[in-house]
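Note sheet for the following structure.
The values are calculated or read from the model by the stated rules, or taken from the named source; none is laboratory data. Because the structure is a prediction, the values reported are computed rather than measured. Backbone-built Cβ (ideal geometry, glycine too); neighbour counts: all protein chains shown.
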Amino acid sequence: GAVVSQHPSWVICKSGTSVKIECRSLDFQATTMFWYRQFPKQSLMLMATSNEGSKATYEQGVEKDKFLINHASLTLSTLTVTSAHPEDSSFYICSASIYNEQFFGPGTRLTVL
Amino acid sequence: TQLLEQSPQFLSIQEGENLTVYCNSSSVFSSLQWYRQEPGEGPVLLVTVVTGGEVKKLKRLTFQFGDARKDSSLHITAAQPGDTGLYLCAGDRGSTLGRLYFGRGTQLTVWP
């Protein structure tokens, strides 16, 4: 089946630093990649949708200068949390889509001290 | 406001009991997916329903898509502790990008 990986699986950083999270589709080329944020025991909240080679589409209320998305190829998208603060601590999940079916990565736990 | 209203939000039951989780909307979906998620992991797809009135079974889990494709239910028979997890419904409205609209999730705990 389609496999999506995320790296790192967890990261702890100091307030004010930037953190990059990678999302890769390992055995297929994804037409679209999605980035979600999830708080404990809550559902997934869509942050942005990205297509290879074009600018990401951000959901209302998500700061595009804060959460930079780069979709360099059909198998790689990155999310950079710039100048991270404790309120950015969360579980970030990506998904890669092919033929309108989404396959989810294992998530990245970000803790900002 | 959520496009998909999922209920209940929390469910705590004893092993052997039956349960049903509901997802309702006033919008029509081209398909609806059910996921199960364990703590610290990504959601894992359980089933996709596409046709109005469709019923799919996965061992003790029964999934139904409403005739009008606006609602869905997940029924678990004789729940087991291994069924514990966060259950998510997500609908596809047929957009070209395949964006999913998630319900709020149902946190199920099954006690031995």
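Look through B:Thr20, B:Thr51 and report the one residue that is in contact with a His (Cβ under 9 Å, 6 or more places away or on another chain) and not aliphatic (A, V, I, L, M). When all the criteria are applied, what remains is B:Thr20.
Count of the range A:90-112 residues, restricted to those that are surrounded by fewer than 21 Cβ atoms within 10 Å (Cβ to Cβ) and over 13 Å from the mean Cα position of the chain (by Cα), is 6. All conditions in (1) within 24 Å of B:Arg36 (Cα to Cα); (2) among the charged types (D, E, K, R); (3) at pLDDT below 95 hold for A:Arg37, with the sole exception of (3). Among the residues making up the range A:16-27, a single one is of a type in the set (S, T, N, Q) and either buried (at least 17 other Cβ atoms within 10 Å of the Cβ) or in a strand (DSSP E or B) (or both): A:Ser25. Within the range B:84-106, the residues that satisfy the criterion of being more than 11 Å from the chain's Cα centre (by Cα) and of a type outside the set (Asp, Glu) are B:Thr84, B:Gly85, B:Arg93, B:Gly94, B:Ser95, B:Thr96, B:Leu97, B:Gly98, B:Arg99, B:Leu100, B:Tyr101. Looking across the range A:28-83 at every residue that is under 19 Å from A:Val112 (Cβ atoms) and aromatic (Phe, Trp, Tyr), the one that is surrounded by the most Cβ atoms within 10 Å (Cβ to Cβ) is identified as A:Trp35. Annotation: of all residues in the range B:72-83 being over 10 Å from the mean Cα position of the chain (by Cα) and buried (at least 18 other Cβ atoms within 10 Å of the Cβ), the one that is farthest from A:Asn100 (Cα to Cα) is B:Ala79. What pairs can you find where one residue is in the range A:88-103 and more than 8 Å from chain B (Cβ to nearest Cβ) and within 9 Å of A:Tyr36 (Cβ to Cβ), the other is of a type in the set (Asp, Glu) and part of a strand (DSSP E or B), and their Cβ atoms are less than 9 Å apart, with a gap of 6+ or different chains? So the pair list comes out as A:Cys94/A:Glu22. Just to verify a result, which residue in the range A:32-53, among those that are assigned to a loop (DSSP other than H, G, I, E, B) and not basic (Lys, Arg), is nearest to the other protein chains (Cβ to nearest Cβ)? Residue satisfying both the conditions and the ranking: A:Ser43.
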